[in-house]
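**Student:** Take a look at this one; I'll ask things after.
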Amino acid sequence: MVGHHHGGSPVSDGPTWADLGRAARAPGHPVVALAGNPNTGKSTLFNALTGLRQHTGNWPGKTVLLAQGVARHRGKSYTIVDLPGTYSLFASSVEESVASDFLCLARPDVTVVVADATCLERNLNLALQVIEVTDKVAVCLNLVDEARRKGCECDATMLEAELGVPVVATVATKGRGLGRLMDTVAGLNSGTITTRPKRVVYDPDVEEALAGIEPLVTRKLPPGAATRWLAVRALCGDMGALELVGDMSALELVDGTGGAVRKVTEGFGLGPAPSWPAARSTTSTAGGKSS
Amino acid sequence: MNPPQSPVTVADRVVASLYRRAESIAAKVIAPRSPAQDLTPVIDRLLTSRLTGFPIMLLTLGAVLWVTVVGANYPSQVLGRLLFDLQGWLSGAMTAAGAPAWLHGVLVSGVYRTLAWVVSVMLPPMAIFFPCFTLLEDLGYLPRVAFNLDAAFKWAGACGKQSLTMSMGFGCNAAGVIACRIIDSPRERLIAILTNNFVICNGRFPTLIALSTVFVSQVVQTTIGAGAAAALVVVGIVLTGIVMTFGVSWLLSRTLLRGVPSFYTLELPPFRWPQVGRVLIRSVIDRTVFVLLRAVAVAAPAGALVWVLGNTVIEGHSVIAHLAGWLGPLGRLMGLDGFVLVAFILGLPANEIVLPILVMSYLGSGMMVEMDSLESLGILLAAHGWSWATALSYMLFSLLHWPCATTLLTVWKETRSSRWTFAAAAIPTAVAVIVCTFVAGLVRLTGNA
Amino acid sequence: MARTNEAERKGIGPLALLAPGEAGLVVGLSAGGLVRRRLLDLGFVPGTVLRAVRRSPLGDPTAYSVRGAVIALRAADANNILVRRAPESTGATAAAPDD
Ligand SMILES: Nc1nc2c(ncn2[C@@H]2O[C@H](COP(=O)(O)OP(=O)(O)O)[C@@H](O)[C@H]2O)c(=O)[nH]1
Ligand SMILES: [Mg+2]
């Protein structure tokens, strides 16, 4: 269910990630997800690729449902999914949990991060999170016309080298670059293009804790799930992530890693992490009650 | 760097790592050239300043409605004439084919006439209003409206994003209710859902425009003057709905849905020039045709039903007349009559068909008029005792009464609660009865009607 | 209280204190839970330079330019963010209220 982090929220009518993953994965129809910040042109791109007329107004939050359509490219059909705009995959709002659950659990065959070239830094924050989730990812550097007009030039080749994933510059409203984008998507899907995402390296103690958590999370998830990213979210005290990994309690997580997590969450004597969830078990709370 | 007030969490450090990396990449790959020439701040200063923010909002609303009223008038008449000529032809053909009178009644006087009404009255204003609205939406004006109005929503204990869901309601309240998903707090989402009906949807706009045009033109002479005056009346009705939204939201935050506003952020995206051609096509296909088809689908059976009810005579009166008789006292209390209330009840499936149903039931009660123009609508209504005060009451009731069946179904789907769905119907209805009774009382007191 | 005075001397205070046109450096977040999470996701990360851009005609909310986006926050929410006012932004060198 899409709205599961929001205490009895009524948002549940749309299909769940699992439904979508199943329905979309028609044989020979790879699933391509469009992720990105709000107003980066995802819906415009979606319309341009699928010919479907989805309304695109210029305000954040207008796409609250997953829109699906079929794009044909060089004789092959792709199911394109337009995700709601999000700033991150930490799932702190309805839109974010929809997008995040889809990427982490429905596991699209290819993910395209649509980034706004006029505001790259903010968009890279999300792109870096998405490349934590999957290898089969490309960045669509959209709105390059606006960027040029505003007087900033963005070097797609260098960006590609920095991220370790393909970057394609586009102008979605004029259809520029879409052919190359779909070529890249096709290559990623068939395996003729491989990526070597340069993942963010966190602080050493955080990495140590992650190394402890990841095997625990992996055990609870179907093969192929985004274990590292779910481990990051779990470490950050994200209740949604814990629910996703099969109602694992925070306590279980802390005890299972032999102190690595406790060290991080109580780190520097700065007190308990404020967002640790209450454990499901009868033991009161996990994480940092002791300090 | 880290003052003792805010202990650093793992989440902080993870996000900081991500942003540090994003910063360093961005610094490498972006080569800033000439200084930015960006109009967004300049436009924003105009649209959100203390001096010009609200006047521009009102002017924009007024201008869109004026263009709609004035622009819709002529095509409406042409369409009306065309469709009613076709009715004569249809009638002739059916008679020639030897169709029985009841079949002719159901199909031509019932189904066809209602359809012709819905199309000629609804299509032109929708085909003008939707593209205008979509252009504003694509430009990025809506978040600025939300920014300007936010303090009022805070006062009402509601979420500032409610103005975005209200804007969607202008198109269709069901769409507005779905849009409420962008509100994270369940309490504030419910407030937005329950009050969305107070923004006039496209199903009610054409009726408002038709009535205000008819009754204002009785007072004002020149075409442009009358158009502007009619637009002003519609602006007044829209503003009344917005005031009601704030009032009822405020009340809900202090009674059924007690609570304080939760954390909320609003992004003001840069202005972008919309793809005008596409906007036109899209708004005509997505909205106008979609809404029209829905109206037509509902209007056809409703037309047949109303014809049957209007022509089934029990004890000397038609069924509609009986119903109208029972509801008469309540209707008159609100400055209306029984027929109007029957029309609103039968029009539950879609607001678009309320006025056509009313016209049908008035016509069914003996009088035959060629219903091919707004003037003939005025003549018919006047013959049934309407004054400008009746029109006002009608417009207020239309603004405030229960949502259409589609919207109620959507509320149920979104809330999964029959209690809240009931509230979504009961609250507006109570407001409508109270306001109309109050206004009718005022009119009676001042002896104006 | 001594701590508050010290903070004030350093020019540290809640974000809502920034007037339109003034810039500041995020030094910390005082909120916890989902609000903190949300603020971090929006880019209000310690070390970020931001600027108050404009205020709503009704006095609240205020729009802030942060990491290339303009985001409006109500005063009550903006107080969850602690900033150090940029020294130059209080003087005549303050940028125009627009980004
Ligand atoms: N100039 C320009 N505008 C674009 C481009 N892509 C999208 N837009 C506009 O940006 C706005 C937001 O686009 P939308 O597709 O709704 O973004 P979404 O929120 O990511 O789905 C719309 O007004 C589009 O017309 C582009 O490449 N160039
Ligand atoms: Mg979209």
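**Student:** Between B:Lys28 and B:Ile345, what is 0.36 nm times their sequence separation minus the Cα-Cα distance? Round to one decimal in nm.
**Tutor:** Value of the extension gain: 107.6 nm.
**Student:** Would you mind telling me which residue in B:Gln275, B:Gln87, B:Gln162 has the biggest mean-square fluctuation in a Gaussian network model of chain B, where springs connect alpha carbons within a distance under 10 angstrom?
**Tutor:** Of B:Gln275, B:Gln87, B:Gln162, the Gaussian network model singles out B:Gln275 as fluctuating most.
**Student:** Turning to a different aspect of this structure: Give the whole-number value, in cubic angstrom per residue, of the convex hull volume spanned by the C-alpha atoms of chain B.
**Tutor:** 202
**Student:** Please check the range A:127-151 for residues whose accessible area, probe 1.4 Å, is lower by 40 Å² or more when all protein chains are in place than in their chain alone.
**Tutor:** Hits at the 40 Å² cut-off: A:Leu128, A:Arg149, A:Lys150, A:Gly151.
**Student:** Strictly over 32 Å apart at the Cα level, which of A:Lys220/B:Lys154; A:Lys150/A:Lys198; B:Lys161/B:Lys413; A:Lys150/B:Lys154; A:Lys174/B:Lys413; A:Lys220/B:Lys28 would you flag in this model?
**Tutor:** From the list (A:Lys220/B:Lys154; A:Lys150/A:Lys198; B:Lys161/B:Lys413; A:Lys150/B:Lys154; A:Lys174/B:Lys413; A:Lys220/B:Lys28), the Cα-Cα distance tops 32 Å for A:Lys220/B:Lys154; A:Lys150/B:Lys154; A:Lys174/B:Lys413; A:Lys220/B:Lys28.
**Student:** Next question, about the same structure. Ignoring ligands, DNA and RNA, how do B:Glu267, A:Glu121, B:Glu188 rank by accessible area with a 1.4 Å probe, largest first?
**Tutor:** Largest accessible area first, the list is A:Glu121, B:Glu267, B:Glu188.
**Student:** I need the semi-axes of the equivalent ellipsoid of the range C:2-85: take the C-alpha gyration tensor, multiply each eigenvalue by 5, square-root it, list largest first in whole angstrom.
**Tutor:** Three semi-axes, in Å: 18, 15, 12.
**Student:** Not counting ligands, DNA or RNA, and with a 1.4 Å probe, what is B:Trp388's accessible surface area in Å² rounded to the nearest 10?
**Tutor:** Here the residue's solvent-accessible area equals roughly 120 Å².
**Student:** Right, here's the next one. Report the local net charge at A:Thr86: Lys and Arg +1, Asp and Glu -1, summed over other residues whose C-beta lies under 9 Å from its C-beta.
**Tutor:** Net of charged neighbours comes to -3.
**Student:** Next question, about the same structure. Given a 1.4 angstrom probe, what's the average accessible area per residue across the range A:17-190, in square angstrom?
**Tutor:** Heavy-atom SASA per residue in the range A:17-190 reads 28 Å².
**Student:** Okay, next question. Is there a quick way to get the dipole size of the range C:2-85? I mean about its Cα centre, with the Cβ of Lys and Arg at +1 and of Asp and Glu at -1; what is the value in debye to the nearest 20?
**Tutor:** Charge dipole of the range C:2-85: 120 debye, to the nearest 20.
**Student:** Could you tell me whether the range B:187-286 comes out rounded, prolate or oblate from its Cα gyration tensor? Rule is a ≥ b ≥ c as square roots of the eigenvalues, rounded for a/c under 1.5, then prolate if a/b exceeds b/c, otherwise oblate.
**Tutor:** Verdict is oblate for the range B:187-286.
**Student:** Now, a different point. Multiply the residue separation of B:Ala97 and B:Val289 by 0.36 nm, subtract the distance between their alpha-carbon atoms, and state the gained length in nm to one decimal.
**Tutor:** Going from the current span to full extension adds 65.8 nm.
**Student:** Can you tell me the 0 to 90 degree angle between the C-alpha axis of helix B:113-139 and the longest principal axis of chain B, rounded to 10?
**Tutor:** Helix B:113-139 sits roughly 10 degrees off the main axis of chain B.
**Student:** Taking every residue in A:87-97, how many Cβ atoms of other protein chains lie within 10 Å of its Cβ, on average?
**Tutor:** 6
**Student:** Got a sec? Charge dipole of the range A:17-190, +1 on Cβ for Lys and Arg, -1 for Asp and Glu; which of A:His73, A:Val168, A:Phe46 is way out at the positive end?
**Tutor:** A:His73
**Student:** Same structure again: Report the A-C buried area as the accessible area lost on both sides summed, probe 1.4 Å, in Å² to the nearest 100.
**Tutor:** The contact between C and A buries close to 1100 Å².
**Student:** Taking the 0 to 90 degree range and rounding to the nearest ten, how far is the long axis of helix B:319-333 tilted relative to the main principal axis of chain B, both from C-alpha atoms?
**Tutor:** Computed tilt is about 60 degrees.
**Student:** Roughly how far apart, in whole Å, are the Cα centres of the range B:253-323 and the range B:385-409?
**Tutor:** Between the Cα centre of the range B:253-323 and that of the range B:385-409, the gap is 13 Å.
**Student:** In degrees, nearest 10, range 0 to 90: what is the angle between the Cα axis of helix B:53-96 and the longest Cα principal axis of chain B?
**Tutor:** The angle comes out at about 30 degrees.
**Student:** Can you sort B:Ser262, B:Ser17 by solvent-accessible area, 1.4 Å probe, largest first?
**Tutor:** The ordering from most to least exposed comes out as B:Ser262, B:Ser17.
**Student:** What do you reckon, how do B:Arg181, A:Arg149 stack up by accessible area (1.4 Å probe), largest on top?
**Tutor:** Greatest to least solvent exposure: A:Arg149, B:Arg181.
**Student:** Pick out which of B:Thr255, B:Thr114, B:Thr195 has the largest mean-square fluctuation in a Gaussian network model of chain B, springs linking Cα atoms closer than 10 Å.
**Tutor:** Among B:Thr255, B:Thr114, B:Thr195, the largest GNM mean-square fluctuation belongs to B:Thr255.
**Student:** How fast does the range A:113-159 diffuse by Stokes-Einstein, in µm²/s, taking the Kirkwood radius from C-alpha pairs at 20 °C and 1.002 mPa s?
**Tutor:** 194
**Student:** What per residue convex hull volume, in Å³, do the alpha-carbon atoms of the range A:17-190 yield?
**Tutor:** With only Cα atoms used, the range A:17-190 gives 103 Å³ per residue.
**Student:** Ignoring everything except DSSP H segments at least 4 long, calculate the 222 nm mean residue ellipticity for chain B; use -39,500 (n - 2.57) per segment, divide by total residues, nearest 500.
**Tutor:** Per the formula, -23500 deg cm²/dmol.
**Student:** Would you please give the FRET efficiency between A:Arg199 and A:Met158, computed as 1/(1 + (r/R0)^6) with r the Cβ-Cβ distance and R0 = 22 Å, to the nearest 0.05?
**Tutor:** So the FRET efficiency works out to roughly 0.75.
**Student:** Have a look at B:Arg187, B:Arg254, B:Arg21 and tell me which one the Gaussian network model of chain B (Cα, springs below 10 Å) gives the largest fluctuation.
**Tutor:** Highest fluctuation among the options: B:Arg21.
**Student:** How many nm separate the modelled label positions at B:Leu58 and B:Val78, each set 7 Å beyond the Cα in the direction of the Cβ?
**Tutor:** Rounded to a tenth, the inter-label distance reads 3.5 nm.
The values are calculated or read from the model by the stated rules, or taken from the named source; none is laboratory data. All values derive from a computational prediction rather than experimental measurement. Every residue, glycine as well, gets a Cβ built from its backbone with ideal geometry; the counts of neighbours run over all protein chains shown. Ligands, DNA and RNA are excluded from the accessible area calculation, which covers all protein heavy atoms including side chains. Shrake-Rupley method; radii C 1.70, N 1.55, O 1.52, S 1.80 Å.
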